Amino acid sequence: MLNPDDTFTATVLGLPRIGPNRELKRAIEAYWAGRLDADGLHEVARQSRTAQLTAARAAGLDSVPVGTFSYYDQMLDTAVLLGALPERVAAITGELDRYFAAARGTARVAPLEMTKWFDTNYHYLVPELAAATTFSLHPEKPLAELKEALALGIPARPVIIGPITFLKLAKSLDGSDLLERLPDLLPLYEQLLGLLAAAGARWVQIDEPSLVTDLTVAELSAVRTTYQRLSEVAVRPSILVATYFGSLGGTLPALAATAIEGIAVDFVTGGDVDAAAARSITSKLIVAGVVDGHNVWRTDPDRALPRLTALRDAGVPVAVSSSCSLLHVPYSLGPETDLDERLRGWLAFGAEKIAEIVVLAGALTAGEQSVAAELDIARTAVRDRAADPRLHVRAVRERLAALDAADVRRTPAAERRVRQQERLHLPMLPTTTIGSYPQTGRIRIARAQLRHGEIDQAEYDARMRAEIAEVIALQEDIGLDVLVHGEPERNDMVQYFAEQLDGFATTSNGWVQSYGTRCVRPPIVYGDVVRPAVMTVDWIACAQSLTAKPVKGMLTGPVTILAWSFVRDDQPPADTARQIALAIRDETIDLEAAGVAIVQVDEPALRELLPLRKADQAAYLDWAVEAFRLATSGVADTTQIHTHLCYSEFGEVIGAIAGLDADVTSLEAARSHMEVLDDLNAAGFELGVGPGVYDIHSPRVPDADEIENSLAQALKAVPAERLWVNPDCGLKTRRTEEVTAALRNMVAAAAALR
Ligand code: GLN
Ligand code: ZN
């Protein structure tokens, strides 16, 4: 039962952890490199937590999440908590080294697999479980972080991942139904609740983001029994079940029927708790996620406040929160001194979101007049954003409105194939690569020198042209049929375009954890997207001038640019995708006009934006496919469009891949053993396809026989006229020697089969 004297009003669901200046990232990497010992690493971590928790408290949060800190990943931490690390790391001595071995592998031990955390760009480690896995409780980390926070005077709320989400996201090694392991896990959670209470926790947050996905009847009943049972623990903290990334739908009443004290609801992606649902939960604290934890926009108080007051007026105890952990946004706007001043006013990163939450909570508890000045600033910013002409560029909107079906349709693929072949004269089983070549030390040095002003842009460009010349010569020497320029001039396949398009901003310190110590700096799409000038033509033309073989133009597709950016929340993502598509379309046409015969438009993130609930997926795939087609249908039949997709589970998007209507699709397939080809056939796919013939994620050089075998296997599913020969992804992360040897073997394998 909720104790009215023991609630809170302002919180967030989790905090970022890499450090405001990526201090933790650097310390962990120093530890891996042997430059810092374990004590040194723990000390950096402790200082970082102390500063962060103290700041969150000082900013006015009256309940602060603790335990969302991690040296690598929260799912891995949960596997440690439950004694469920894989057997193969058990023999590794030293807790920290065992932990990192599970995360990254060692020379002898493979790491856990990694996959996307719901629909974010964060990747978690997938615990490996089986019917025979034994669980045991190892509560040291949550207890230590709780004690540390309490000693600092922080109103600490330990956060742990709930048993349902843990089991649903784990991989079943033996095909057994992991949900059947709940009865073995629940006693450990019960024990942990007791320990946390004894250590002084008043509240515990149990994260169950899986509850916003489609649940089976059995899963729904597991939710009910799990939380009923945990609520029956005699001495325990109040339980807040945190859900985020979507709406609870029918799961809300199930959760509300248990005797837990609080439910965190995502009001940003999930929508409101409706009046009927509110009536069923009057005796629980609703932690209302009205501040977007997954995007960077300042909250509109006139949208958030009415939702909060409606709940309160319905008699529901309510606290203000972020919609999800702040893990997914940068720390603070503080360092972003280079941002356009106007745009800066529209944004809220982590620190600013905490301040917003405190203001909204103040308005809710002490009345709007108590925070009148702050609300005024927020309202002014929101109005200023809506009125900025960059958000409504007439020319773009008129062009989009004038498009019709013909603009997203090309001549039938079979006819195109004939015309393209007349132009290109490619051999049977043409060989190519995916775009990037190794990022050499020379490239990195040139980039650093340019950044520090030691060389000018002209010198930098000259050095990049020299890189291109080398990559072209290498490919000619290897004997590849379709060449690429190698992408040396691109820092990142999305940021490179974001920097050249109007309507995008990039940050100088807006780092967000992608996985482990890897961080990304997503660009921000704030306005209508306009391509003020050609972006890639000079580089590709330079490459093409050096060879008689065709060089592929290389672009990033609209869906991927969208997926790897913070997107505007004032229009549907589909509209933003169409604007980006138009810019890419113009670029394909300019490449074509410059004599480029093949243009590749990469969409590795096509599957990433797939909605969590089945019912929403078809609509997404429709607009995603249409955006790609808009980007690629402006060229003549004689121009060959390639695309590249790179994740191994194509499942739900197979139909969409056919819908893209690219003349040639290269796929990451080396690790999924060509099964994807059968799936494509089943979906009626009849275009060119290049299932990756070797795995570029490993330094291993495949020999020609091995590649020949996998090609022979592919030929069982695809006629030779449609089969392309390529690695399974870009070569950026590999060394030149590995790449050269592997590609020579690949070319030899193709030649042997011709
Ligand atoms: N063309 C890009 C490259 O080769 C594709 C990268 C990707 O698939 N993520 O690097
Ligand atoms: Zn790829």
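The values are calculated or read from the model by the stated rules, or taken from the named source; none is laboratory data. Keep in mind it's a predicted model, so treat the numbers as computed, not measured. FYI the Cβ positions are ideal-geometry reconstructions off the backbone, even for glycines, and counts take in every protein chain you see.
Data overview
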item	result
Selected residue [modelled with pLDDT of 95 or more, under 27 Å from Q475 (Cα atoms) and away from ligand 2 (no atom under 16 Å from the Cβ)] from T638, T665	T638
Any hit, the range 668-684, residues being over 22 Å from the mean Cα position of the chain (by Cα), within 16 Å of ligand 2 (Cβ to nearest atom) and in a strand (DSSP E or B)	no
Selection count where residues are of a type outside the set (D, E, K, R) and within 15 Å of ligand 1 (Cβ to nearest atom), scope the range 475-514	15
Test: I540 is farther than 22 Å from M746 by Cα, under 18 Å from the mean Cα position of the chain (by Cα) and either within 16 Å of ligand 1 (Cβ to nearest atom) or part of a loop (DSSP other than H, G, I, E, B) (or both)	no
Top-ranked residue in the range 89-112 [being in contact with a strand residue (DSSP E or B) (Cβ under 9 Å, 6 or more places away or on another chain) and free of Cβ contacts under 8 Å to residues at least 60 places away in the same chain; ranked as nearest to Q191 (Cα to Cα)]	A102
Positions within the range 713-733 being crowded, with 19+ Cβ neighbours inside 10 Å, more than 11 Å from ligand 2 (Cβ to nearest atom) and not in a helix (DSSP H, G or I), in sequence order	V718, L723, W724, V725
Test: A581 is in contact with a Ser or Thr (Cβ under 6 Å, 6 or more places away or on another chain), among the small types (G, A, S) and crowded, with 16+ Cβ neighbours inside 10 Å	no
Which listed residue is surrounded by 17 or more Cβ atoms within 10 Å (Cβ to Cβ), closer than 19 Å to A84 by Cβ and modelled with pLDDT of 95 or more, from A149, A197, A201, A170	A170
Residue identified as assigned by TED's automatic domain parsing to the domain that holds T431, among the small types (G, A, S) and crowded, with 17+ Cβ neighbours inside 10 Å among G651, G690, G684	G690
Condition check for T54: within 21 Å of G516 (Cβ to Cβ), modelled with pLDDT of 95 or more, hydroxyl-bearing (S, T, Y) and out of contact with any helix residue (DSSP H, G or I) (no Cβ under 6 Å at 6 or more places or on another chain)	no
Meets criteria (touching a helix residue (DSSP H, G or I) at 6+ places or on another chain (Cβ under 9 Å) and farther than 22 Å from V599 by Cβ) for R521	yes
Residues of the range 734-754 satisfying the condition of being modelled with pLDDT under 95 and either in contact with a helix residue (DSSP H, G or I) (Cβ under 6 Å, 6 or more places away or on another chain) or within 16 Å of ligand 2 (Cβ to nearest atom) (or both)	R734
Residue list for the range 611-626, filter: touching a helix residue (DSSP H, G or I) at 6+ places or on another chain (Cβ under 9 Å) and either within 16 Å of ligand 2 (Cβ to nearest atom) or not in a loop (DSSP other than H, G, I, E, B) (or both)	K614, Q617, A619, Y620, L621, D622, W623, A624, V625, E626
The range 422-459 - residue that is of a type in the set (S, T, N, Q) and either touching a Leu at 6+ places or on another chain (Cβ under 9 Å) or outside the structural domain of L711 (by TED's automatic domain parsing) (or both) and, of those, farthest from ligand 2 (Cβ to nearest atom)	Q457
Residue match in the range 688-710 (condition: among the aliphatic types (A, V, I, L, M), at pLDDT 90 or above, touching a Leu at 6+ places or on another chain (Cβ under 9 Å) and more than 16 Å from ligand 2 (Cβ to nearest atom))	no
A656 vs. criteria away from ligand 1 (no atom under 16 Å from the Cβ), outside any strand (DSSP E or B) and within 23 Å of D528 (Cβ to Cβ)	no
Condition met for D678 (modelled with pLDDT under 95, surrounded by fewer than 22 Cβ atoms within 10 Å (Cβ to Cβ), farther than 30 Å from T576 by Cβ and within 16 Å of ligand 1 (Cβ to nearest atom))	no
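Matching residues to (1) among the charged types (D, E, K, R); (2) more than 16 Å from ligand 2 (Cβ to nearest atom); (3) touching a Leu at 6+ places or on another chain (Cβ under 6 Å):
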| position | (1), (2), (3) |
| --- | --- |
| Q544 | no, yes, no |
| G553 | no, yes, yes |
| P558 | no, yes, no |
| D575 | yes, yes, no |
| Q579 | no, yes, no |
| D590 | yes, yes, no |
| A593 | no, yes, no |
| V599 | no, yes, yes |
| L609 | no, yes, no |
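To keep it simple, each residue is scored yes or no on (1) surrounded by 21 or more Cβ atoms within 10 Å (Cβ to Cβ); (2) among the acidic types (D, E); (3) in a loop (DSSP other than H, G, I, E, B).
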position: L24; (1), (2), (3): yes, no, no
position: A30; (1), (2), (3): no, no, no
position: G34; (1), (2), (3): no, no, yes
position: H42; (1), (2), (3): no, no, no
position: A45; (1), (2), (3): no, no, no
position: L53; (1), (2), (3): yes, no, no
position: L76; (1), (2), (3): yes, no, no
position: G83; (1), (2), (3): no, no, yes
position: R88; (1), (2), (3): no, no, no
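The rows are residues; the columns are (1) at pLDDT 95 or above; (2) within 22 Å of the chain's Cα centre (by Cα).
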{"site": "P111", "(1), (2)": "no, yes"}
{"site": "W117", "(1), (2)": "yes, yes"}
{"site": "N121", "(1), (2)": "no, yes"}
{"site": "K141", "(1), (2)": "yes, no"}
{"site": "E145", "(1), (2)": "yes, no"}
{"site": "G162", "(1), (2)": "yes, yes"}
{"site": "F166", "(1), (2)": "yes, yes"}
